[in-house]
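Any read-out appearing in this document is the output of simple, stated calculations on the displayed coordinates, not a laboratory observation. From a predicted model like this one, the values you see are computed outputs, not experimental measurements. Don't worry about glycine lacking a Cβ; one is built from the backbone with ideal geometry, like all the others, and counts go over all protein chains shown.
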Ligand code: UN1
């Protein structure tokens with residue numbers, strides 16, 4: 001595996017001047033060292049990008065959808081070719097372990113495959129008309145330039161879910177990556193441009209990158225030429241983006257915070273549940289929007305499950321994410337560490353019993369933030385309402401399943417949820433209308449690691465958007481209802497007579 005930034009960039013064929021600009025300093029969470037400096041897009045540059053995107057869209061929408069799929073197929077192949085290198089870059093830049101970096105690039109490859117198939121399946125319905133000699137149908141048309149605002153924790157996959165679909169749907173794309181992870185974005189854009197050259201018929205500026213801080217995102221959200229803004233990040237970010245886009249009647253796909261819970265029932269396969277809980281809570285150092293943050297354990301098994309969990313926690317290998325023996329890498333930065341400590345201090349004040357949470361490996365990595373994942377046993381009444389992007393798992397016992405479900409739902413967010421049970425009644429209740437109120441409700445699978453084939457997203461303060469599989473593509477297109485009269489009469493709908 002490649003471990004240095006220059007090895008990775010040269011393997012990807014990225015010219016060094018792209019990472020030796022002025023403006024944004026990129027540090028690696030692995031050791032806190034500077035790995036690059038990149039150029040920031042100014043207001044005029046962003047404006048030009050939007051104008052170019054519009055022109056690219058006008059050409060791209062005329063290309064038949066299966067042909068558009070061919071470009072995405074080539075890009076998927078390019079990702080296959082560079083999977084290991086891109087995964088190592090993901091690890092270096094955002095700190096997730098290499099296995100998860102590989103998993104993330106695999107998600108990109110999978111969504112490309114999905115989008116290629118989809119490019120031949122952008123179906124509309126044919127609808128029975130109430131009038132004789134008439135036919136009704138729906139046609140799905142491309143929308144326009146799509147802005148994609150992504151977060152540091154899935155620096156490449158989230159862009160690909162959006163862009164692969166947006167592109168086969170006939171749109172151009174503009175990507176604003178997190179300012180913490182511009183290098184992986186530069187790498188993806190570079191691989192995409194190579195695929196576009198191979199494809200030969202893509203308009204220039206079909207996919208563009210704008211690097212910058214929140215003001216770049218704000219400029220994109222305000223611009224009328226962008227009919228759809230897909231934004232992944234905190235609820236606070238979504239609260240800013242949503243109203244600005246809505247004010248100009250643009251559309252959004254919002255993927256915001258989660259506060260995901262697992263319920264462990266008395267009949268659960270405990271070994272399975274433990275693995276799912278540990279992966280969900282400590283994997284990616286607790287920095288997935290789908291990370292497991294709360295755990296409700298039935299009182300009859302609480303005294304065996306919680307000690308087993310503590311044992312598992314104490315054996316988790318924490319360290320350099322490039323080293324394959326480690327399961328947990330660092331937090332993204334000092335701010336994330338401070339937020340984690342603040343959340344832990346608050347739960348201690350509320351009587352929470354804490355294990356873990358302390359900073360580790362400071363000798364080896366004085367400028368990076370590795371932590372022991374934290375487990376907090378909470379009093380019955382308390383439900384933590386906020387998402388802290390760190391490995392903190394709040395644990396509580398429950399007596400009645402309906403009460404556990406109510407507590408699970410009693411938070412502002414609604415992304416992911418899971419139940420571990422072998423009782424079909426409990427499983428069905430959990431996935432029913434009276435069960436979990438989340439966009440994702442799993443049985444005997446943890447809260448994170450969703451497959452791309454399903455629609456991904458959540459309710460309430462998670463923002464309501466859906467990306468990735470199922471019919472999420474419809475959000476990237478506009479629907480036209482066409483009524484066609486092939487008779488020689490002009491009957492009006494609803495039986496209205498209007499005789500001239
Ligand atoms: C995110 O954390 O923003 O389900 C996305 C999962 C991944 C995606 C997470 N497929 O954990």
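A few remarks follow.
- Residues in the range 388-410 that are under 30 Å from the mean Cα position of the chain (by Cα), surrounded by 19 or more Cβ atoms within 10 Å (Cβ to Cβ) and not in a helix (DSSP H, G or I): 388, 389, 390, 391, 392, 393, 394, 395, 396.
- Qualifying residue in the range 429-445 (condition: within 25 Å of residue 226 (Cα to Cα), surrounded by fewer than 18 Cβ atoms within 10 Å (Cβ to Cβ) and within 16 Å of the ligand (Cβ to nearest atom)): no
- Taking the range 229-317 and the strands (runs of 3 or more DSSP E) fully enclosed by it, no element has 1 or more residues that are within 15 Å of the ligand (Cβ to nearest atom) and more than 25 Å from the chain's Cα centre (by Cα).
Rundown of residues vs (1) within 16 Å of the ligand (Cβ to nearest atom); (2) in contact with a helix residue (DSSP H, G or I) (Cβ under 8 Å, 6 or more places away or on another chain); (3) in contact (Cβ under 8 Å) with a residue 60 or more places away in the chain; (4) closer than 30 Å to residue 318 by Cα, yes/no style:
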| site | (1), (2), (3), (4) |
| --- | --- |
| 57 | no, no, yes, no |
| 60 | no, yes, yes, no |
| 64 | no, no, no, no |
| 74 | no, yes, yes, no |
| 78 | no, yes, yes, no |
| 82 | no, yes, yes, yes |
| 100 | yes, yes, yes, yes |
| 107 | yes, yes, yes, yes |
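- Flag not set for residue 375, criterion: within 16 Å of the ligand (Cβ to nearest atom) and part of a strand (DSSP E or B).
- Checked against the criterion of being closer than 23 Å to residue 211 by Cα and surrounded by fewer than 18 Cβ atoms within 10 Å (Cβ to Cβ), the candidates 88, 48, 41 yield just one match: 48.
- Set side by side, the residues 152, 192, 114 differ, and just one is within 16 Å of the ligand (Cβ to nearest atom) and assigned to a helix (DSSP H, G or I), which is 114.
- Residue match in the range 178-188 (condition: over 27 Å from residue 32 (Cα atoms) and either more than 16 Å from the ligand (Cβ to nearest atom) or crowded, with 21+ Cβ neighbours inside 10 Å (or both)): no
- Filtered residue count, the range 1-17, keeping only those that are over 26 Å from the mean Cα position of the chain (by Cα) and assigned to a helix (DSSP H, G or I): 6
Rundown of residues vs (1) within 24 Å of residue 393 (Cβ to Cβ); (2) assigned to a strand (DSSP E or B), yes/no style:
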{"position": "437", "(1), (2)": "yes, no"}
{"position": "442", "(1), (2)": "yes, yes"}
{"position": "445", "(1), (2)": "yes, no"}
{"position": "448", "(1), (2)": "yes, no"}
{"position": "464", "(1), (2)": "no, no"}
{"position": "473", "(1), (2)": "no, no"}
{"position": "478", "(1), (2)": "no, yes"}
{"position": "481", "(1), (2)": "no, yes"}
